[in-house]
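Undergrad: Sharing a structure, written as structure tokens. Questions coming.
Every number here is computed from the coordinates shown, using simple stated rules; none is lab data. Since we're looking at a predicted model, the values are computed, not measured. Virtual Cβ from ideal backbone geometry, glycine too; neighbours counted across all protein chains shown.
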Amino acid sequence: TERPPLLDDDEGSILLYSASSSSSGYGYVSIEKQRQRLPVFKYRTAILYLVETHATTIVVGETGSGKTTQIPQFLKEAGWADGGRVIACTQPRRLAVQAVASRVAEEMGVKLGEEVGYTIRFEDLTDRDSTRIKFLTDGVLLREMMEDPLLTKYSVIMVDEAHERSISTDVLLGLLKKIQRRRPELRLIISSATIEAKSMAAFFHTSKKRRGLEGEDCVPKTEPAILSVEGRGFNVQIFYVEEPVSDYIQAAVSTVMSIHDQEPMGDILVFLTGQDDIDAAVRLLTEEAQNNLKSSSGLVVLPLYSGLSRADQDLVFSPIPRGKRKVVISTNIAETSLTLEGVSYVVDSGFSKQRFYNPISDIENLVVAPISKASARQRAGRAGRVRPGKCYRLYSEEYFVKEMSAEGIPEMQRSNLVSCVIQLKALGIDNILGFDWPASPSPEAMIRALEVLYSLGVLDEDAKLTSPAGFQVAEIPLDPMISKMILASNQLGCSEEIITIAAILSIQSIWISVRGQQKDLDEAKLRFAAAEGDHVTFLNVYKGFLRSGKSPKWCNKNFVNYQAMRKVVEIREQLKRTAKRIGIVLKSCESDMQVVRKAVTAGFFANACNLEAFSHNGMYKTIRSSQEVYIHPSSVLFRVNPKWVIYNSLVSTDRQYMRNVISIDPSWLIEAAPHFYQHHHPNSIPH
Ligand code: ADP
Ligand code: MG
């Protein structure tokens, strides 16, 4: 393979340090040259022709081939954004939206937020008049439909990463298919790394005739076009462990160290599951590198997950000093959504964090679960971008062959559908069971969702949105249970406090978690701990933060994550605006925490649990399905074990743990949801 020249000074083109140069030392390459080297470049004319002539085009191509960053630019160059129209490109992940948008702005030499912008929940970096290419999460595009059901400002909508089959992507595909019937001029591009393109094509190939004759001017063909972009991945050699590993974090760390000791230069990409294990691995590696003098200077270890600040995200893509080796420890965001150049070694734990929902117990939780073969192949492929690479799988070959499932299950079929159902209802889709889904959710899950929404007072007996409560809840861009909590706070006179809580619940964590300093963190938490539980503790932290004058120093001293708190303040401002718009009066209850707890109960009554009478180990049972659950060690109520509690979410490791817990009085449950508790669980609550 040819090596790019060290310095490429095409006249007039923008120069930027290529990400690919970080460890391979390629140096400066003009952006134009970089773009031309991407596999999609050769397909530019074909793509534009297909989009012109077909309502739907499916583009399949290897990760890194340039689909996300190039296709929107091709479309713009071809005039699809003329006349005030906008080209949209959706992503399932927020972090990917930010990263690709800033890359495209850089390639086009424009300021992010003007011609190229992005929108994710609680962050809108677009300009109403000048933005021509807009990256956004599929969830945000769904929300936009509430204001503009036919998405009229978009000329082309590219639904990217379709193979991920996120719940919002699936809902979006179903709705876009409906929109297409009303807007023959709208073009869809569905793109992904791997996809059963045929079944996706079949989904979009409706037999219903539209106005006009196919093939005539402006009337595109209804049958989707499929285009496959030839990748140029290099060979990747796969290694397995002989025996299953018991601690994949430790195993990943040792593997990285031995690659670093024994293998030639090339960056290392490690796939773990989430912030906790990634932070742990980063720390272990940093320590290890310090102890091991030989390697001490050579490694630059960086985390990559969705809770990172923008600056930390950027680090992952920026060049590191020559002669050093970059190690990026990532969630599965680096599997297909983001391409890191320069990676030659992949370490695959074999796990990712996945949502699982059981409609019988009505419990959804986030579980560290085995990935599919398809994912494992994608992960391995990341090692072969710049030259032949190696992938170290921390599981045995036998396990891969015999036990890993071939494909993942669409999120739609393993999620709680409450949010999804309310959104469809708000868009006027009444017959949800008859909705045209790319993958049908289970009827049980659907019925459960309808039941919860009915109990929340969001749907009436005919399963229509109630007025005004249902419409108000749908308007707030949060989980309906949180939105309901905000509505209830209006009547209870504690909207200021509840909006703070809602803002904090919508970010990952407000604490700085450093492995090894768990004790210090616990002590810091005690300074804010409230007997009522985590929600009230959050209010104390927020008050302290304001009193300190929003000081970073104060945050550090108290193990509070400053970036997270700034985000909370920002989200809070936005929620306040939404609240005002839907008629909620902002009011503080001062120190009356009982009303705060009642408001939480009004939203989260379905997550009520009762401490087992003779439990010595803090075992609770959920009221609705008698599941065994425990208070998470990170909760201020851990070991306190009040008799009745409500949780915000469940995480499952060795046990089912409740995260963000508040103590309640059981009589509030019947007050909050008479239907739910009197009909279904008449004997579970003392009257
Ligand atoms: P695909 O969508 O087909 O997976 P992309 O369009 O995301 O491919 O990536 C094309 C190229 O752009 C890759 O070589 C990738 O490394 C580069 N790239 C994408 N995002 C960034 C970024 N934020 N910083 C630097 N390079 C990037
Ligand atoms: Mg992409």
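Undergrad: Determine the alpha carbon to alpha carbon distance for each of Lys519/Lys621; Lys153/Lys353; Lys324/Lys519; Lys67/Lys390; Lys33/Lys326 and list only those over 31 Å.
TA: Those over the limit are Lys153/Lys353; Lys324/Lys519.
Undergrad: Give the peptides 552-560, 376-384 in descending order of average Cβ contacts within 10 Å, highest first.
TA: 376-384, 552-560
Undergrad: Follow-up. For a quick check: with amide H placed at 1.01 Å from N, whose amide H comes under 5 Å from Phe435's, ignoring anything fewer than 5 positions away on the same chain?
TA: The answer is none.
Undergrad: What are the semi-axes of the equivalent ellipsoid for the stretch 469-591, taken as the square roots of 5 times the Cα gyration tensor eigenvalues, largest first, in whole Å?
TA: Semi-axes (√(5λ), whole Å): 28, 14, 13.
Undergrad: Name the residues whose placed amide hydrogens come within less than 5 Å of the amide hydrogen of Tyr657, ignoring near sequence neighbours (fewer than 5 apart) on the same chain.
TA: Residues meeting the amide H criterion: Tyr630, Val651, Ser652.
Undergrad: Based on the Cα gyration tensor of the stretch 463-518, what are the three equivalent ellipsoid semi-axes, each the root of five times an eigenvalue, rounded to whole Å and given largest first?
TA: 30, 14, 7
Undergrad: Report, ordered by chain and residue number, the lysines lying within cross-link reach of Lys550, taken as a straight Cα distance under 24 Å and ignoring same-chain residues fewer than 8 apart.
TA: Lys525, Lys567, Lys576, Lys587
Undergrad: So what's the gap between the Cα centers of the stretch 453-501 and the stretch 419-443, to the nearest angstrom?
TA: 20
Undergrad: Normalised by the number of residues in the stretch 253-405, what is the relative contact order in percent for Cα pairs under 8 Å and 6+ residues apart? Before the final figure, lay out each step's value.
TA: Values: 245 pairs, mean separation 41.2, N = 153.
Answer for the stretch 253-405 is 27 percent.
Undergrad: Sort 35-47, 323-335 by the packing proxy (mean of other Cβ within 10 Å over each peptide's residues), most packed first.
TA: 323-335, 35-47
Undergrad: Only bridges whose two residues both fall in the chain count here: according to DSSP, what percent of them are antiparallel, nearest 5?
TA: Around 35 percent of the beta bridges assigned by DSSP in the chain are antiparallel ones.
Undergrad: Provide the percentage of antiparallel DSSP beta bridges, counting only those with both residues in the stretch 231-378; round to the nearest 5.
TA: 35
Undergrad: Here's a follow-up. Quick one: net charge around Met265, please, counting Lys, Arg +1 and Asp, Glu -1 for every other residue with C-beta under 11 Å from its C-beta.
TA: Once all neighbours under 11 Å are counted, the net charge is +3.
Undergrad: May I ask you to evaluate 6.51 cos²θ - 1.76 cosθ + 1.60, the Karplus curve with θ = phi - 60°, for each residue of the stretch 644-661 and list the ³J(HN,Hα) values in order in whole Hz, giving x for glycine and proline?
TA: Whole-Hz 3J(HN,Hα) from phi for the stretch 644-661: 10, 9, 10, 10, 8, 8, 10, 10, 10, 10, 6, 9, 8, 10, 8, 10, 6, 10.
Undergrad: Over the chain, what relative contact order in percent results from Cα pairs under 8 Å that are six or more residues apart?
TA: It rounds to 11 percent for the chain.
Undergrad: What whole-number distance in Å separates the alpha-carbon centres of the stretch 526-600 and the stretch 31-95?
TA: A separation of 43 Å, based on Cα centres.
Undergrad: If I take every Cα pair under 8 Å that is 6 or more residues apart in the stretch 349-455, average their sequence separation and divide by the length, what percent do I get for the relative contact order? Before the final figure, lay out the partial values.
TA: Numbers: 110 pairs, mean separation 31.5, N = 107.
Reported as a whole number, the value is 29 percent.
Undergrad: Taking H placed 1.01 Å from N in the peptide plane, check which residues at least 5 places from Met158 or on another chain put their amide H under 5 Å from its amide H.
TA: Those lying under 5 Å, H to H, from Met158 are Ala88, Cys89, Thr90, Ile189.
Undergrad: Specify whether the C-alpha gyration tensor of the chain places it in the rounded, prolate or oblate class, a ≥ b ≥ c being the square roots of the eigenvalues: rounded for a/c under 1.5, otherwise prolate if a/b is larger than b/c and oblate if not.
TA: Cα axes put the chain in the oblate bin.
Undergrad: How large is log10 of I(q)/I(0) for the stretch 564-687 at q = 0.10, 0.12, 0.18 Å⁻¹ when the intensity is taken from the Debye formula with one equal scatterer per alpha-carbon?
TA: -0.38, -0.54, -1.03
Undergrad: Another question about this same structure. Quick one: what are the phi-derived ³J(HN,Hα) couplings along the stretch 415-432, Karplus 6.51/-1.76/1.60 with θ = phi - 60°, whole Hz, x for glycine and proline?
TA: Coupling constants for the stretch 415-432: 10, 6, 9, 4, 5, 5, 5, 5, 5, 5, 4, 5, 8, x, 8, 8, 8, 6 Hz.
Undergrad: A follow-up question, please. Once phi is turned into θ = phi - 60°, what whole-Hz ³J(HN,Hα) does the Karplus curve with 6.51, -1.76 and 1.60 give for every residue of the stretch 478-484, x standing for Gly and Pro?
TA: Result, ordered by residue: 9, 3, x, 5, 5, 4, 4 Hz.
Undergrad: At 222 nm, what helix-only mean residue ellipticity would the chain give, in deg cm²/dmol to the nearest 500, using -39500 (n - 2.57) for each DSSP H run of four or more?
TA: Here the helix-only value at 222 nm equals -11000 deg cm²/dmol.
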